[in-house]
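*Asks:* Sharing a structure with you now.
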Amino acid sequence: MTTTLAAVLIVHVLSGVIAIGIHNVVLMHLLKKAPNYVFVSRIAWSAVALFLLSWATSAYYYVTYYGTAVKPRILAGALPAGHAFFMETKEHIFLVLPFLAVSIALSVSYLRASPDDALRKSTAFLTLIALCVGAATAAAGVIVSGSI
């Protein structure tokens with residue numbers, strides 16, 4: 001693996017994990033009765049940017065290296081089911097995260113101008129879903145990476 005590919009992989013992992021952490025912060029603020037929507041909106045949009053960065057770097061890594069160098073090693077290893085189930089699931093679930101993040105950021109941005117308790121609670125629930133999906137995606141990545 002080249003230094004560039006290693007850097008791309010590191011950016012993929014770190015940006016995804018940080019975005020998941022940001023969703024945790026968004027959720028904690030949305031659970032307050034009177035959240036600071038300016039702050040929550042800014043960090044929610046940061047999560048969008050980080051998920052998109054993670055998405056782009058993972059696509060580059062997959063196309064240039066993973067499919068030809070890593071995937072065959074995993075399939076030949078002790079746990080090929082790690083790839084067959086977890087990676088395939090991760091790849092499809094991961095596609096949803098940026099869209100969830102955009103939905104959350106748009107909702108919080110709307111709440112800045114028009115606070116609405118029902119929308120705040122719904123956005124908190126959507127953020128919880130995004131947090132769970134993100135954690136499951138990260139866990140699947142760890143399982144697949146450990147099956148080499």
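The values are calculated or read from the model by the stated rules, or taken from the named source; none is laboratory data. Values in this document were obtained by computation on a predicted structure and should not be read as measured data. Positions of Cβ are backbone-derived with ideal geometry, glycine not excepted, and every protein chain shown enters the neighbour counts.
*Asks:* Which is polar (S, T, N, Q), within 18 Å of SER15 (Cβ to Cβ) and free of Cβ contacts under 8 Å to residues at least 60 places away in the same chain, of SER103, SER114, SER145, SER107?
*Replies:* So the residue among SER103, SER114, SER145, SER107 that is polar (S, T, N, Q), within 18 Å of SER15 (Cβ to Cβ) and free of Cβ contacts under 8 Å to residues at least 60 places away in the same chain is SER145.
*Asks:* Inside the stretch 1-41, can you point out the residues that are within 12 Å of TYR61 (Cα to Cα) and touching a Leu at 6+ places or on another chain (Cβ under 9 Å)?
*Replies:* The answer is MET1, VAL11, HIS12.
*Asks:* Taking the stretch 2-31 on its own, how many of its residues are within 21 Å of LEU126 (Cβ to Cβ), more than 10 Å from the chain's Cα centre (by Cα) and in contact (Cβ under 8 Å) with a residue 60 or more places away in the chain?
*Replies:* Qualifying residue count for the region: 5.
*Asks:* Among the residues of the stretch 70-79, how many are surrounded by fewer than 14 Cβ atoms within 10 Å (Cβ to Cβ) and either without any contact (Cβ under 8 Å) to a residue 40 or more places away in the chain or over 23 Å from VAL144 (Cβ atoms) (or both)?
*Replies:* Counting residues in the stretch 70-79 that are surrounded by fewer than 14 Cβ atoms within 10 Å (Cβ to Cβ) and either without any contact (Cβ under 8 Å) to a residue 40 or more places away in the chain or over 23 Å from VAL144 (Cβ atoms) (or both) gives 2.
*Asks:* LEU53 fails exactly one of the following numbered conditions: (1) farther than 15 Å from VAL11 by Cβ; (2) under 13 Å from the mean Cα position of the chain (by Cα). What is the number of that condition?
*Replies:* For LEU53, the exception is condition (1).
*Asks:* Continuing with the same structure: Only one residue in VAL102, VAL63, VAL144 is more than 24 Å from TRP45 (Cα to Cα), surrounded by 15 or more Cβ atoms within 10 Å (Cβ to Cβ) and under 21 Å from the mean Cα position of the chain (by Cα). Which one?
*Replies:* VAL144
*Asks:* In addition: Which residues, counting only those in the stretch 122-141, are without any contact (Cβ under 8 Å) to a residue 24 or more places away in the chain and under 17 Å from ASN24 (Cβ atoms)?
*Replies:* Within the stretch 122-141, PHE125, CYS132, ALA139 qualify.
*Asks:* For the stretch 14-123, please list each of the helices (runs of 4 or more DSSP H) lying entirely inside it that holds at least 1 residues being farther than 21 Å from ALA135 by Cα and modelled with pLDDT of 95 or more.
*Replies:* So the answer is 37-61, 97-113.
*Asks:* Here's something else I'd like to know. Kindly provide the set of residues from the stretch 105-128 that are of a type in the set (A, V, I, L, M) and loosely packed, with under 14 Cβ neighbours inside 10 Å, ordered by number.
*Replies:* Of everything in the stretch 105-128, those that are of a type in the set (A, V, I, L, M) and loosely packed, with under 14 Cβ neighbours inside 10 Å turn out to be ALA113, ALA118.
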